Each structure stands twice: as structure tokens, then as C-alpha cells.
Amino acid sequence: METPFKTKRMLNFGDCDISGTAYFPSYLNILNGVNEEFWLHLGFPWHKIIWEDRWGTPTVHISSDFSSPSFFGEELDFELTVLKVGRSSMTIHHDISCKGEKRWSSTQVLAASDLDKHCSIPWPDDVRAALLACLVEDKQSEPGAAD
């Protein structure tokens, strides 16, 4: 898989405040959509893993830095990089820009979770292999993923 994973999102009217500036809580919702698309690209669509396999990928930690405002109607470029894969968690980093200008970034830890028992689980073998294939070699030693 090409790393980083890249996709685009339009900043819609409902994502902005009355001045047309992106509203930061909407950014997190948009980021969640990017994560969902990433898992689909890996071959593990959320509708299947949630409803059929009964596991999910909740966020257990997130930090974000906002560099410059974004506005209604702009198309944002997202780059998702896998930094670390642990036994039951992974650390990813998002870089978000518009026309080459950095807008914000976020580092996120996701955990594999049993949806019925509400506890962490090890990554299924096929999922772990797919995540490791995305791992950025020079970022493996960075902290962030809890096991």
C-alpha cells in the first residue's frame, strides 16, 4: 500500500461556523471519515468488522495542532501515516493541507476492541499484517501506541 494513505475532503457548510471558518469539532468528525476510508482501503470496511466480526477501532488518544484556518468550500488534502503497530493498538499521524498550505495535524492512537465485551483485543492476524505493511520504516521507534 502506498504510504502515506491520501484522500481529499470538501469542507462543507455544516463543518463551519457562521463566518465560514472550519469549526474544530467538525474536523474530528471529518478525521473519523478519513479513518473509515483508510480501513476500507485496507480491506476491512467498518460495516463488516463492526456488524459481522464484532470488533472496532475506537480512539484512545488524540492530539491536534492547528496551523491555519480553513474555510467553507475548500478541498482539504489528508495524508494518514501509520507510525507504530502494537499488540492491540496503533499510532497514526494525519497531515492536513489545502493547496500545499498546512492547515492542521493530528496524532491518534486507535485500539482494537471487542464490541460485546468492551475490552481491548489483539489485532487479528490479517489486520496486523495489513497494518505492518503500511508502517513507515523510519517512524517505527516513535512513542505513542499503547499495548
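Would segment 87-96 turn up any residue that is modelled with pLDDT of 95 or more, open to solvent by 20 Å² or more (accessible area, probe 1.4 Å) and either among the aromatic types (Phe, Trp, Tyr) or outside any strand (DSSP E or B) (or both)?
Taking segment 87-96 as the starting set, the residues that turn out to be modelled with pLDDT of 95 or more are 87-96.
Right, trim to open to solvent by 20 Å² or more (accessible area, probe 1.4 Å) and you get 87, 93, 95.
Checking the rest, the ones that are also either among the aromatic types (Phe, Trp, Tyr) or outside any strand (DSSP E or B) (or both) come to 87.
Yes, segment 87-96 contains at least one residue that is modelled with pLDDT of 95 or more, open to solvent by 20 Å² or more (accessible area, probe 1.4 Å) and either among the aromatic types (Phe, Trp, Tyr) or outside any strand (DSSP E or B) (or both).
Is it true that Ser64 is open to solvent by 20 Å² or more (accessible area, probe 1.4 Å), part of a loop (DSSP other than H, G, I, E, B) and farther than 21 Å from Ala133 by Cα? No.
Scanning segment 1-56 for residues being under 21 Å from Gly100 (Cβ atoms), of a type outside the set (S, T, N, Q) and in a strand (DSSP E or B) gives a total of 6. Per the conditions (1) crowded, with 16+ Cβ neighbours inside 10 Å; (2) assigned to a helix (DSSP H, G or I), the sole criterion not satisfied by Val82 is (2). Considering the conditions (1) over 30 Å from Asp126 (Cα atoms); (2) in contact (Cβ under 8 Å) with a residue 40 or more places away in the chain; (3) surrounded by 13 or more Cβ atoms within 10 Å (Cβ to Cβ), Asn35 is excluded by exactly one of them, (1). For Ser19, the test of being open to solvent by less than 40 Å² (accessible area, probe 1.4 Å) and farther than 28 Å from Leu132 by Cα is failed.
Suppose we keep only residues that are aliphatic (A, V, I, L, M) and within 15 Å of the chain's Cα centre (by Cα) within segment 38-49. Which one would you say is most open to solvent (accessible area, probe 1.4 Å)?
Filtering segment 38-49 down to residues aliphatic (A, V, I, L, M) leaves 40, 42, 49.
This time we only want the ones that are within 15 Å of the chain's Cα centre (by Cα), so: 40, 42.
Details: Leu40: 104, Leu42: 29 Å².
Here the answer is Leu40.
Here Ala145 meets the list (1) open to solvent by less than 80 Å² (accessible area, probe 1.4 Å); (2) part of a helix (DSSP H, G or I); (3) at pLDDT below 95; (4) not basic (Lys, Arg) almost entirely, failing just condition (2).
The values are calculated or read from the model by the stated rules, or taken from the named source; none is laboratory data. Predicted model, so just to flag it, every value in this text is computed and none were measured. Using ideal geometry, Cβ is built from the backbone for each residue, glycine included, and neighbour counts are taken over all protein chains shown. Remember, those area values only see protein heavy atoms, side chains included, never the ligands or the DNA or RNA. Shrake-Rupley method; radii C 1.70, N 1.55, O 1.52, S 1.80 Å.
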